[in-house]
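What follows is a short report on a single structure.
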Amino acid sequence: MAASIGAVVCRALHSRRHGKFLSIGRGLFSGARCLVAEGETHFGFQTVSETEKGEKVYHVFESVAKKYDIMNDSMSLGIHRLWKDILLHQMNPYPGTQLLDVAGGTGDIAFRFINYVRSQWEHQIRQKLKSHQNLSWQEISKSYQEEELKLPGGSQVVVCDINKEMLKVGKQKAQHLGYSEGLSWVVGNAEELPFNDSKFDVYTIAFGIRNVTHIDQALQEAYRVLKPGGRFLCLEFSQVNNPLFSRLYDLYSFQVIPVLGEIIAGDWKSYQYLVESIRHFPAQEEFKAMIEDAGFLKVEYRNLTSGIVAIHSGFKL
């Protein structure tokens, strides 16, 4: 009975926005998130058991894995690439950085990390060579070739994802693009990471944490596996801060994205869920408080594209 009442209240809240009732596409929606009974949670706009959510989310990403990158480009008009580049520049990793990228199945963050660290290392080599003007071209060439054989400074990125199909796609991309050194792939749950305490310098999770059943547990695990001084970085869809743009964004999300999912990936329901899951994710300030509750300090966020996405950052100090 409690669950059914909760579902009715949830649907009522989701149909109300700025005092008006909206019905767009296949769902009624708003930025509100609803309370659910103990042991239950949200799967998009559905109320399901916590176990059922885990299974449903797994099947969503198992279904979309092969078309995941193409759909990201289509849904965001390629802007997701810029968002991820900004995340790497904010991280500003140095040679030797140990990165854990959670829910990073197809490798977008990992590959950017490798490119960024290599770029930093090559800059250091150029600066070093400038101070040795008398080196022969053979010696200069040898310096570059030796460093190309490994990821600079012992840097390492571990891609951890619960979904084997997503990791499979990531591994195939890595092989095709020539990434191997300093890169490993691990099947693991964000709520119970298979790593020792204080192991990584940086923890990233991009467009993944809203799919986690217990976000607070995932944040605690992020804190646990980071070294003292380590940094948490999360890139995730958030709350649009412009009312007019917000309405246009809602229209696009519910009217266009599921259609693209059907046309490109042959999967309307998975992309309907992904759109709905964004509306249930905590707004910027609320998520900031959750990160602080996990123990992180100096927590702040940066809105991108009027708050469509936000980068949250915190430190284990």
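Out of the residues in the range 187-203 that are part of a strand (DSSP E or B) and in contact with a strand residue (DSSP E or B) (Cβ under 8 Å, 6 or more places away or on another chain), which is surrounded by the most Cβ atoms within 10 Å (Cβ to Cβ)? So that I can check it myself, show each step before the final result.
Narrowing the range 187-203 to residues part of a strand (DSSP E or B): 187, 189, 192, 200-203.
Filter again for in contact with a strand residue (DSSP E or B) (Cβ under 8 Å, 6 or more places away or on another chain), leaving 187, 200-203.
Details: VAL187: 12, PHE200: 23, ASP201: 19, VAL202: 20, TYR203: 27.
Only one residue tops the list, namely TYR203.
Among the numbered criteria (1) over 30 Å from LYS199 (Cβ atoms); (2) touching a residue at least 40 places away in the same chain (Cβ under 8 Å); (3) open to solvent by 70 Å² or more (accessible area, probe 1.4 Å), which one does ARG247 miss?
Every listed condition holds for ARG247 apart from (2).
Residues are listed down the side, and each one gets a yes or a no for (1) in contact with a helix residue (DSSP H, G or I) (Cβ under 6 Å, 6 or more places away or on another chain); (2) under 22 Å from VAL64 (Cβ atoms); (3) without any contact (Cβ under 8 Å) to a residue 24 or more places away in the chain:
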site	(1), (2), (3)
ALA190	yes, yes, no
PHE195	yes, no, no
THR204	yes, yes, no
PRO228	no, no, no
SER277	yes, yes, no
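Could you say whether any residue in the range 284-298 is in a loop (DSSP other than H, G, I, E, B) and either open to solvent by 50 Å² or more (accessible area, probe 1.4 Å) or free of Cβ contacts under 8 Å to residues at least 12 places away in the same chain (or both)? Give the steps one after another, and end with the answer.
First, pick out the residues of the range 284-298 that are in a loop (DSSP other than H, G, I, E, B): 294-296.
This time we only want the ones that are either open to solvent by 50 Å² or more (accessible area, probe 1.4 Å) or free of Cβ contacts under 8 Å to residues at least 12 places away in the same chain (or both), so: none.
Within the range 284-298, none of the residues are in a loop (DSSP other than H, G, I, E, B) and either open to solvent by 50 Å² or more (accessible area, probe 1.4 Å) or free of Cβ contacts under 8 Å to residues at least 12 places away in the same chain (or both).
Name the residue that is surrounded by the most Cβ atoms within 10 Å (Cβ to Cβ), counting only residues in the range 206-244 that are among the basic types (Lys, Arg) and part of a strand (DSSP E or B).
Looking only at the range 206-244, we keep the residues that are among the basic types (Lys, Arg), and these are 210, 224, 227, 231.
Retained after the next criterion (residues that are part of a strand (DSSP E or B)): 227, 231.
On the way: LYS227: 14, ARG231: 23.
This residue is ARG231.
Filter the range 232-291 down to the residues that are over 20 Å from VAL102 (Cβ atoms) and basic (Lys, Arg), then identify the one that is modelled with the highest pLDDT.
So the residue we want is ARG247.
Specify the residue that is modelled with the lowest pLDDT; the eligible residues are those in the range 75-87 that are assigned to a helix (DSSP H, G or I) and surrounded by fewer than 18 Cβ atoms within 10 Å (Cβ to Cβ).
First, pick out the residues of the range 75-87 that are assigned to a helix (DSSP H, G or I): 75-76, 79-87.
This time we only want the ones that are surrounded by fewer than 18 Cβ atoms within 10 Å (Cβ to Cβ), so: 76, 79, 81-82, 85-86.
Numbers: SER76: 92, ILE79: 96, ARG81: 96, LEU82: 97, ASP85: 97, ILE86: 98.
Only one residue fits best here, namely SER76.
Of all residues being among the aliphatic types (A, V, I, L, M) and open to solvent by 10 Å² or more (accessible area, probe 1.4 Å) in the range 299-317, which is farthest from the chain's Cα centre (by Cα)? Just the residue, please.
Narrowing the range 299-317 to residues among the aliphatic types (A, V, I, L, M): 299, 304, 308-311, 317.
Narrowing further to those that are open to solvent by 10 Å² or more (accessible area, probe 1.4 Å): 299, 304, 308, 317.
On the way: VAL299: 17, LEU304: 14, ILE308: 14, LEU317: 23 Å.
Top of the filtered list is LEU317.
Name the residue that is most open to solvent (accessible area, probe 1.4 Å), counting only residues in the range 42-70 that are assigned to a strand (DSSP E or B) and modelled with pLDDT under 85.
Of the range 42-70, the ones assigned to a strand (DSSP E or B) are 42-43, 46-49.
After this cut, where a residue has to be modelled with pLDDT under 85 as well, the list is 42-43, 46-48.
On the way: HIS42: 27, PHE43: 17, GLN46: 91, THR47: 47, VAL48: 8 Å².
Among those residues, the one meeting the criterion is GLN46.
The values are calculated or read from the model by the stated rules, or taken from the named source; none is laboratory data. Every value quoted in this text rests on a predicted model; they were computed, and no experiment measured them. Note that we place each Cβ from the backbone using ideal geometry, even for glycine, and neighbour counts take in every protein chain shown. The accessibility values were calculated without ligands, DNA or RNA, using every heavy atom of the protein model including side chains. Shrake-Rupley method; radii C 1.70, N 1.55, O 1.52, S 1.80 Å.
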